[in-house]
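Below is one structure, written out as structure tokens; comments come after it.
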Amino acid sequence: MTKVLREYGFTIAGIAIGVAGIVALGAMGERIVRFIEGGDRFVLGQISVAGSGMGMGTGFTAGGLLPVSAIRAIAEVPGVAGVQAQVMLPLNPSTSQFMTLTQELILGVDLSVPTPNRQFPRLPVRAGRDLGAGDHGVAVVGASFAASHGLRVGDRLPLEGEPFEIVGILERTLTAPDRFVMMSIEDARRQWVAKDRLLRTVIASGAAAVNAADLNTGTAVGWRDGEDPDAVAHRIAERVKGVNVQIPSELSGLLRSSTAFFSALLVGLGVLAFVIGGLSLANTIAAAVFERIRDFGVKRALGATDWQLGREVLAEALAVTLSGGIAGVGIALLLGAGVDRWAARTGQQLFLFSGRLLGGALVFSVLLGAAAAAYATLRIVRLSPAEAIRRGA
Amino acid sequence: MLEARGLVKSYRAPDGGPIRVLDGVDVAVGAGRLAVVVGASGSGKSTLLNVLGLLEDADAGEVRLGGERVSALGRSAKGRARGRFIGFVFQTFLLLPSLTALDNVLLAARYAGRPAADARRRARELLAEFGVVERQAHYPPQLSGGEQQRVAFCRAVLNDPPVLLADEPTGNLDDANGRVILAALRARATAGAAVVVVTHRADAAAGADAVYRMRAGRLQAAPPQGGAP
């Protein structure tokens, strides 16, 4: 290895830069893929129902008020296994209600019933504890939210003049919950009223008979084992009036189509990274082999057969590409860690270095390096030893 | 031992026309004989040596080693033949810069399939014989020209090849180092090898068993010169 490092220092550095580019771009792609996949898993894990019309809700609970009577009616629909009333609001109502990578959300849930989402029955807690029945004035926050607001367990988070004690911080999921502030639905309803002047006005006027229990932006609905979730969703839509029912498969399709641009961008980035990085790597290895054409001529003059020479070149190429690949992965990890440390100040994480990405990049670089070395070697062994020595002189 | 008949070799000139550098060359060098080929620059001496050493193919003619027609062998078989039967000494030494002096010498054993321990012992003996054993761990750029050529000579004779070919072996050396190399070449012939030396040095022909002059692609016998340098 020392010999390889001494002889091929610049070659290894060149390969390392190419591989680092592939890995860094790939890690950004992985990060976006994880976000999209997380959302997809979530919407396929439950039936989301909101009230018909428009309201304060956001994301998959966007819609009008979902009164408690509708929630009770949903629970009566055959095939339904659990219903959990929810309030989901943008933390800052002045921002777009379109759910984005960076939007901070309040999620209030009815803690007296279990979460019916089959994919995320509980969100993993990194520090502190999860919310429990009877909790009030406390919140569990997502990892990105905690980082960007500098929050730790035990800290106080003032929201609309009401202090919330942080009792737990979620594991980083690289998807929407990273920016959640989760609390009891009662606390979330107070936040809603405080944020929504129209709602305050309507309630204060007495023009509408609205109880606190009616202030729901939506509900998460589970289904019994063996039931088709889409069929249950259609059944709810037929039997319960005044609700918007999100069909899980349709919502998943909608999510995928809305992220189609990102998917296409990822494919483009990946192809670009592999083409540029791959060409750079192949060119570097081939050039390194061609640079030593005189040495190979000498070795053949000393009796090296094509097979012996090919084996030597291949072994060196593998050592060089593996060294360059490992160095490239190291550079990308350092670069990613540095950028993510900077981005963490605003709660962002831009890179996700998955095992499949790192392994794939190493395998790709080694295979490509071997192919480039084999090509260059085949070109060289076709020359006579005398010609190889002349050309390398 | 080494015999060539009817060697013809042409190169393509920049204008596309052929330049015939070997034009029906016949030569035979027996075991224990030293043959010296002299001639002007560009007369085809080095090409002849390359063809005799299977470093490049002739357009016509044949090369025989110990009676076997080695010029007809395939690429890998020629490589094995070079490793077992032929040693080369080049004007520019052609040591690999990334290897130490000792490792450069050992390269010859690697491709001949010689046991490593035996090769290492013999390589050190040769380096000691030529006064460069204390430089065995040095890399070529750290050696003088004379030292490099001595290392290259050790590499050429490590496997005791029955044929030794030297292309201007003293071309880049001072007189003292040149004399050391020429004496070593004669010693190899005395030890039984067929040695062919291509040179422009007049004193290299002294003590040769046969002297040839290369002119216009043809080899002409010249009277040998007696006496040692």
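Assorted remarks:
- Cα Rg, Dmax, region B:97-136, angstrom units: 9.7, 27
- Over region A:202-250, all Cα pairs binned in 5 Å intervals from 0 give whole-percent P(r) values of 4, 16, 21, 19, 13, 11, 8, 5, 2, 0, listed from short to long.
- Helices in chain B, meaning DSSP H runs of at least 4 residues, each add -39500 (n - 2.57). Divided by all residues, the mean residue ellipticity at 222 nm is -10000 deg cm²/dmol.
- With Cα atoms as the point set, the radius of gyration and Dmax of region A:126-227 evaluate to 16.0, 47 Å.
- Count of Lys pairs (Cα-Cα under 29 Å; at least 8 positions apart or interchain) in the protein assembly as shown: 8
- Neighbour counting of Cβ atoms within 10 Å sorts the residues A:186, B:147, fewest neighbours leading, into A:186, B:147.
- Length gained on full extension, residue A:204 to residue A:260, computed as 0.36 nm times the residue gap minus the Cα-Cα distance: 15.7 nm.
- Net charge dipole, the protein assembly as shown: roughly 2020 debye, given to the nearest 20, about the Cα centre with Cβ charges of +1 for Lys and Arg and -1 for Asp and Glu.
- Within region B:107-200, the ratio Rg/Rh, alpha carbon atoms throughout and Rh by Kirkwood, equals 0.95.
- Scaled radius of gyration (Cα, divided by 2.2 N^0.38 Å) that the protein assembly as shown gives: 1.61
- Whole-angstrom gap from region A:329-358 to region B:90-110, using each part's C-alpha centre: 46 Å
- If you model region B:66-112 as an ellipsoid using its alpha carbon gyration tensor, with each semi-axis the square root of five times an eigenvalue, the axes come out at 25, 12, 9 Å, biggest first.
- Using the rule -39500 (n - 2.57) for each DSSP H run of four or more residues, divided by the residues of chain A, the 222 nm mean residue ellipticity is -18000 deg cm²/dmol.
- Approximating the spin labels as points 7 Å out from Cα along Cα→Cβ, the residue B:120-to-residue A:112 distance works out to 8.4 nm.
- Principal semi-axes of the equivalent ellipsoid, √(5λ) from the alpha carbon gyration tensor of region A:247-393, are 44, 17, 12 Å from largest down.
- Residue B:92-residue A:275 FRET efficiency (beta carbon distance; Förster radius 51 Å; 0.05 resolution): 0.80
- Point-to-point label distance, residue B:200-residue B:137, nm (Cα→Cβ direction, 7 Å offset): 4.0 nm
- Hull-based mean projected area of chain B, where the convex hull spans the alpha carbons, in square nanometres: 12.5 nm²
- Neighbour counts of C-beta atoms inside 10 Å place A:247, A:380, B:86 in the sequence A:247, A:380, B:86, starting with the fewest.
- The residue B:76 and residue B:129 beta-carbon pair, evaluated with R₀ = 35 Å, returns a calculated FRET efficiency of approximately 0.60.
- When the Cα positions of A:13, A:257, A:53 are compared along the charge dipole of chain A, A:13 comes out farthest toward the positive end, with charges on each C-beta of Lys, Arg, Asp and Glu.
- Only one residue of B:43, B:17, B:83 has its Cα farthest out toward the positive end of the dipole of chain B, where Lys and Arg carry +1 and Asp and Glu -1 on Cβ, and that residue is B:83.
- Residue A:75/residue A:130 FRET efficiency (R0 30 Å; Cβ-Cβ; nearest 0.05): 0.80
- For the pair residue B:8 and residue B:28, the difference between a 0.36 nm per residue extended length and the Cα-Cα distance amounts to 5.6 nm.
Laboratory data are not the source of any read-out in this text; all were calculated from the coordinates shown. What you see is a predicted model; the values in this text were computed from it and never measured. Every residue, glycine among them, receives a Cβ derived from its backbone with ideal geometry; neighbour counts consider all protein chains shown.
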